[in-house]
1. Taking K and R as +1 and D and E as -1, what net charge do the other residues with C-beta under 12 Å from the C-beta of HIS138 add up to?
2. If ligands, DNA and RNA are left out, what is the accessible area of LEU62 with a 1.4 Å probe, given in Å² to the nearest 10?
3. How much net charge surrounds ASP33 when only other residues with a Cβ under 10 Å from its Cβ are counted (Lys, Arg +1; Asp, Glu -1)?
4. Which value, in Å² rounded to 10, gives the accessible area of ARG157 with a 1.4 Å probe and all protein chains present?
5. Within 11 Å, Cβ to Cβ, of ALA70, how many net charges do the neighbouring residues add up to if Lys/Arg are +1 and Asp/Glu are -1?
Amino acid sequence: MRSIAAHDESALAELYDRHAAPLYSLIRRIVHDEAAAEEILQDVFLHVWKVAPRFDQARGKLRGWLLVMARNRALSHLRKRQDVQVDDLDVYAIPTTGTQETIAEQNELTAKIHAALEEMPPELSQLFELAYFEGMTHSEIAQRTGQPLGTVKTRLRSGLISLRRVFQL
């Protein structure tokens, strides 16, 4: 963030590469609109560029700050639409402190996810771990694994379809 505050564009590009995928995924889930999600994501990183000098690591981790900012901007976008009730937006809350019940639910979901990943072929579960747990882009995954970009995208897409069946989403 210090480099971004010093207007180092390559630092912003690195931050974008590292965090854009999970942020976009969160925004897309909230707004259900690809174009709006891309615009909001761009707005998030433009805001980061502008306020980088004010980022205080003592107040929290960078990833959490980015996620909350992305969530808030997505919710603001929804509030501007006429067909969404503000009360319906509580579904997208990001808990800041966990109750015993919340922690138990998260642990149960994590166990289900790990069990589903263990059922997948190892090369597919590796792609999921890189994409969704490490936040790597498809291009970064292709580079790290030596697989063609199209293969990475196709395998992740088929894996998502399988996971949807498992979780009945």
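1. +2
2. Accessible surface of LEU62 is approximately 40 Å².
3. Working: positive: ARG28, ARG81; negative: GLU34, GLU38, GLU39.
Its environment carries a net charge of -1.
4. Only protein atoms counted, so the area is about 130 Å².
5. Working: positive: ARG28, ARG29, ARG63, ARG71, ARG73; negative: ASP43.
Result for the neighbourhood of ALA70: +4.
The values are calculated or read from the model by the stated rules, or taken from the named source; none is laboratory data. Every value quoted in this text rests on a predicted model; they were computed, and no experiment measured them. Ideal geometry is used to build each Cβ from the backbone, glycine not excepted, and the neighbour counts take in all protein chains shown. Just the protein is used for accessible areas: all its heavy atoms, side chains included, with ligands, DNA and RNA removed. Shrake-Rupley method; radii C 1.70, N 1.55, O 1.52, S 1.80 Å.
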